[in-house]
Amino acid sequence: GENVEQHPSTLSVQEGDSAVIKCTYSDSASNYFPWYKQELGKRPQLIIDIRSNVGEKKDQRIAVTLNKTAKHFSLHITETQPEDSAVYFCAASVGGATNKLIFGTGTLLAVQP
Amino acid sequence: DTGVSQDPRHKITKRGQNVTFRCDPISEHNRLYWYRQTLGQGPEFLTYFQNEAQLEKSRLLSDRFSAERPKGSFSTLEIQRTEQGDSAMYLCASSSRSDTQYFGPGTRLTVL
């Protein structure tokens, strides 16, 4: 069935360093890949997304890359700040009309000041 | 606030009771999704509405769960005869014709 694997499950970096989170997906029909940030007790918030016709997208300190051949995509955060600390989820749309999302298991990012 | 809203934010109930949650999507969003999230996991898809039509239900959704979206606006999710395993955060998301899904704050259900 459809599956999204996400690594690492926890990531600790020093303020100012870069953080990279990687995901792989199984459904070759997936064509939309969002990343959500979720702070404790709050709703998942979309931070960046990429569609299958694009290999890379950047928004200030955040970038996402997509390798459709390998079925994997990554989130890159540069110049990390303490307020980047949260759980990050990758997701992939499942082929079909619903566009339901299959989520990874999350990465707890801790940025040490 | 023009985002997705959910009510109630927290619900504590005893095993065997019925509960109902409400989701108000972003105005004019015709797509509405329900997900369930347990501690330490990503959201899991439960069901999908396009306007008032329920077009897909997950195998996770037992017969005790029912969802509606009358008139294609707000949606309700009802759980009958709740079990302790139903304890989770129930998230609603909405989208327009684009892929982007915007999530509500969720309803945290605790079944005692």
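Net charge dipole, chain B: roughly 320 debye, given to the nearest 20, about the Cα centre with Cβ charges of +1 for Lys and Arg and -1 for Asp and Glu.
Length, then width, then depth: along the principal axes, the Cα atoms of the protein assembly as shown run 49, 37, 36 Å.
Each residue of the stretch A:6-15 is assigned a 3J(HN,Hα), and the resulting list reads 10, 9, x, 7, 9, 8, 10, 10, 7, 3 Hz, derived from the Karplus form 6.51 cos²θ - 1.76 cosθ + 1.60 (θ = phi - 60°), x at Gly and Pro. Once both labels are positioned 7 Å from their Cα atoms along Cα-to-Cβ, the gap between residue B:20 and residue B:98 label points is 3.4 nm. Modelled label positions at residue A:69 and residue B:63, each set 7 Å beyond Cα in the direction of Cβ, lie 5.1 nm from each other. Remark: relative contact order (chain A) = 37 percent; criterion is Cα-Cα distance under 8 angstrom and separation of 6 or more residues. If you run the Gaussian network model on chain B, springs between alpha carbon atoms under 10 Å, then out of B:33, B:90, B:102 the most flexible one is B:102. With the simple model of a label 7 Å out from the Cα in the direction of the Cβ, residue B:2 to residue A:14 spans 4.4 nm. The separation of the stretch B:91-112 from the stretch B:1-47, counted between C-alpha centres, amounts to 5 Å. Residue by residue, the stretch A:67-76 carries 3J(HN,Hα) couplings of 10, 5, 5, 8, 6, 9, 9, 9, 10, 10 Hz when phi is fed to the Karplus relation 6.51 cos²θ - 1.76 cosθ + 1.60 (θ = phi - 60°); x denotes Gly or Pro.
The number of Lys pairs in chain A with C-alpha atoms less than 21 Å apart, excluding pairs fewer than 8 positions apart on the same chain, is 16.
When Rg and Dmax are taken over the Cα atoms of the stretch A:2-53, they come to 13.2, 38 Å. For residue B:67, what charge total do you get from the other residues with a beta carbon under 10 Å from its beta carbon, if Lys and Arg give +1 and Asp and Glu give -1? Around residue B:67, the surrounding residues sum to 0.
Here the stretch B:54-85 and the stretch A:1-80 have alpha carbon centers that stand 30 Å from each other. For chain A, with a Gaussian network of springs between Cα atoms less than 10 Å apart, report the residue from A:60, A:14, A:38 with the top mean-square fluctuation. Looking only at A:60, A:14, A:38, the biggest GNM fluctuation is shown by A:60.
Over the stretch B:63-112, Cα pairs under 8 Å with separation of 6+ residues give a relative contact order of 31 percent. In plain terms, the bigger the Kirkwood radius, the slower the diffusion; for the stretch A:62-113, with that radius from Cα pairs, at 25 °C and 0.890 mPa s, Stokes-Einstein puts D at 190 µm²/s. Working from the pairwise distances between different alpha carbons, so that the mean of 1/r is found and then inverted, what is chain B's Kirkwood radius in Å? Answer for chain B: a Kirkwood hydrodynamic radius of 13.9 Å. Counting charges near residue B:96 (Lys, Arg +1; Asp, Glu -1) among other residues having Cβ under 9 Å from its Cβ returns a value of +1. For chain B, modelled as a GNM whose springs connect Cα atoms under 10 angstrom apart, the maximal fluctuation among B:99, B:86, B:24 occurs at B:99. Across all C-alpha atoms in chain A, the radius of gyration and Dmax reach 13.6, 44 Å. The H on the amide N of residue A:91, modeled in the peptide plane, is under 5 Å from the matching H of A:104, each at least 5 residues off or on a different chain. Quick one: net charge of residue A:61's neighbours, Cβ under 15 Å, K/R +1, D/E -1? That sum, taken over residues with Cβ under 15 Å, equals -4.
Each value in this text was obtained by applying a stated rule to the coordinates, not by laboratory testing. If you're wondering where the values come from, they're calculated on a predicted model, not measured in any experiment. With ideal geometry, Cβ positions are generated from the backbone for all residues, glycine too; neighbour counts draw on all protein chains shown.
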